[in-house]
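What follows is one structure encoded as structure tokens, with my remarks underneath.
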Amino acid sequence: MTKGDPANPPRSIGLTTAAPERRSHVPNDGSSEAAAVERARKEMLHEGRELKRTRIGADVLCEALLRQGVDVFFSYPGGVILPLYDVLGDYPELRHVLVRHEQGGAHAADGYARVTGRVGVCMGTSGPGATNLVTGIGTALLDSVPMVAITGNVPSALIGKDAFQEIDINGITLPMTKHNYLVRDADDLPRVVAEAFHIARSGRPGPVHIDITKDALQQETQAEHPSEAEVIAGLPGFRPNLDGHSRQLKLAAAEIAAARRPVILAGHGVLHAQAWDELRAFAEKAQIPVAWTLLGIGVIDETHPLAYGYMGMHGWKHVNRAIQSADLLFAIGMRFDDRVTGNVRTYAPYARIVHVDIDPAEIGKNVAVEVPIVGDAGRVLRALTPMVEAVDPATRASYFAQLADWKADSVASSWHGSGAWRDGLLSADYVIERIGELTDHEATYVADVGQNQMWLARYAGFRHPNTHVSSGGLGTMGYSVPAAMGAALGCPERETWAITGDGGFQMTSQELMTLVADHIPVKIALLDNKKLGMIRQWQEIIYAGNYHSSNLPGPDFAKLADAYGIPAFRARTPGDVDEAIRSAQAVDGPALIWFEIAEEQNIFPMMPAGKGLSDLIEKWGGADE
Amino acid sequence: MSADPHSNGQVPAARAAAQSPSKHIPAHSAPPPRALPGGGETRRHVLVAVVLNKPGVLNRVSSLMRARNFNIDSLAVSHTDSDDVSRMTITLHGDDVAVEQAAKQLYRLIDVLKVQDVTAEPTIQQELALVKIRATDSNRVEVLKLVELSRGRVVDLADGSVIVEVTGTESEIDAFVALVRTYGIKELVRTGAVVMARGSASIEEAIKR
């Protein structure tokens, strides 16, 4: 293995070019305001502007962020990062969002990155500020989200002396970042920041952490910012392979031509590569139904005839059936996570597998594959589509008829169209479906973790890429509200909905104050079953009803919201749902809806851990599940 | 379509046989289990990694191997002829697929320039050991004779012990250590294997642009 050719520059997913059109609080519409901002930005880049004081490391950091196109970052001050706060006033185009906990800042940067495709930025001080970021950095790592996390550290001379608020944060983030840095000299800052952004967004994206000592932030410096070419030249060990090998592409085309029951498995990598149009064109030409992973939601409009559904542990039964009977899986930008495959020994037993991923280490990691292709999803699809023969849908008539039968059966069996679960109690799947409908499927929907996450994935009805945000890999409870905060700032033209449960909500509800203080209009749908619902479900089904610690009494959420000045609405019956949603939408600013859902409703189907995709549990207890 | 995807020899025979040529799935017969990646014979592998000479690189490599559950047998690190590049020789046990995964994961590190599994290649492998052997007046001559026969070199002579330097492959050193164990080993230190492929090809030249 040798890292690729430097003449073949890594993919930049810097500014999004495709729909949805991006509109940030820094306008880019050719108006006079935009021109003024552009002028100010140039000044900030030291193009003809001079600071009226000495240029220090903290200035270099701000300049470097602006050069990377950063318009907002999420942070919390502290002792050693104060030199940065001391100069922030000189950089008004760098919007600073003062979060109420560093974890919220990290999730906000993550949510911002997922909806924009750009690098999200969060910061904190040393010690506890830095360790509070860790959960958010881990979330970004497991979901390959481009993020740069910046922390202050104690002055160089105190490093290793157990100084106040000193912790070896570099050692902590080392195994949970794509790369990390410790900067002790301001002269290194321009290069390090530029490298960090390049690494975070290129190849398989991921988080990069920069730890900067206080004295480096305060140090005078004349250091120049490097060009992108200099950055690439300085990273000889980072040369992502982007183009699939032509021999492998030919093998893949042959597999596709020979397959009678093919299924496309599309994941997050397709979204990272902004390759949704390429995916649709490929699927249409080869007439292959598309299934998607949790993080792949949005790769294709769910109303498209070839859009088949969400796969895996709580995915649709028809999708899992299709995978289990497929003779070819064309997997792209996904990694055969255990939540997708279940027991690998019984996974897709009739299928040969073509696996496309930009990270060679993902291929052959979890399942053995017949045709590995290392490359960027978009580039591979653009190269492969002309190589496959156009398929007449009529030749797949019996296959498609079977798929349609399975789908009709599976959709009907797990849906509470009346809005009522057992005894007329409010059904969560109905709530999600109504949110999807009343937002015209045009909002950004940010899940928390657990049952709410699965209901959202199944029932909201996604039409567009990057409108579904969810902590898939790490499964970080408390993710929804802060991530929605970042998503709303990244994509203000869409309504942003945080879909959360009462458990996750209580983990990060301090960010309600950030929503208010910074006028971030997130609508929060709190699905309150007064339980840790997914835990309760496992205890019911797998642990013989031993409900230890899954009862979760909560506060009066309406009063809580009120205390922050956030309008709250309450829905207890199916008849309350639409009005509550419309009322929240009518609020100019953040709003909360307290949905008191059935306490014991489970999410079905469910694949118990260790079982296979054919071993789905579809009902439990009464017939009225 | 002339290409037959079943004929490229990459699919395990059991699964190839299970693939029904018809469009219908035989509902009554369970297919054989899918082969897991790897699962082959476990053996000793030698990886050579060329890395940037930066602080923390060794930590990155060892942290990764720990986190990914690969157990390193030995790890030797040194400078190369180039100031900004270091070289690591890593020996570990595992099946071919697991070690390939380890190499791929190492390769993901930004500071790693090249990783090569040289297990199957003709190589020169050498390790150095220092052994402090108990040696009394009564058996010192015997010990020294043994060292000489084993092509070891005495580097320190003291009252009651000798320090011997031996160089060779891992198994040669294993054999020497076993041989002198009867006299009593007071201390033992081994460098771990360093490896270089035979012939004129160069892993270091290969990474230079």
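Values computed for the structure shown
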| item | result |
| --- | --- |
| Residues of type lysines that residue A:214 reaches as a straight line, Cα spacing below 20 Å, ignoring anything fewer than 8 places off in the same chain | A:161 |
| For the protein assembly as shown: span of alpha carbons on each principal axis (Å, largest first) | 99, 80, 56 |
| Cα long-axis angle, helix A:428-438 against chain A (0 to 90 degrees, to the nearest 10) | 70 degrees |
| Computed FRET value (nearest 0.05) for residue A:187 with residue B:134, which takes r as the C-beta separation and R₀ as 51 Å | 0.35 |
| Total lysine pairs under 24 Å (Cα atoms) in the range A:524-625, excluding pairs fewer than 8 apart on one chain | 5 |
| Peptide A:72-84 - average C-beta neighbours from other chains (10 Å radius) | 0 |
| Cβ-based net charge around residue A:252, under 14 Å, with every Lys or Arg adding one and every Asp or Glu removing one | +1 |
| Using alpha-carbon coordinates, inclination of helix A:276-286 to the longest axis of chain A, degrees | 30 degrees |
| For residue A:172, net neighbour charge (Lys/Arg +1, Asp/Glu -1) across residues whose Cβ lies under 13 Å away | -3 |
| All lysines inside 21 Å of residue B:132 as judged from Cα atoms, apart from same-chain residues fewer than 8 positions distant | B:145, B:186 |
| Peptide-level mean, for A:360-368, of C-beta atoms on other protein chains within 10 Å | 6 |
| Positive minus negative residues near residue A:465 (Lys, Arg vs Asp, Glu; Cβ under 10 Å) | -1 |
| Theoretical ellipticity at 222 nm over chain A - DSSP helices of four or more residues, -39500 (n - 2.57) apiece, nearest 500 | -10500 deg cm²/dmol |
| Distance between modelled label sites at residue B:174 and residue A:90, nm, 7 Å Cα→Cβ extension | 6.4 nm |
| Karplus-derived HN-Hα couplings along the range A:231-241 (A = 6.51, B = -1.76, C = 1.60, θ = phi - 60°), whole Hz, x at Gly and Pro | 4, 5, 4, x, 10, x, x, 10, 9, x, 7 |
| Highest-first arrangement of A:540-548, B:73-81, where packing means the average Cβ count within 10 Å | B:73-81, A:540-548 |
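All of the numbers you see were taken from the coordinates with simple rules; none came from a lab. Keep in mind that this is a model prediction, so the values were computed, not measured. No Cβ is skipped: glycine too gets one built from the backbone with ideal geometry, and neighbour counts run over all protein chains shown.
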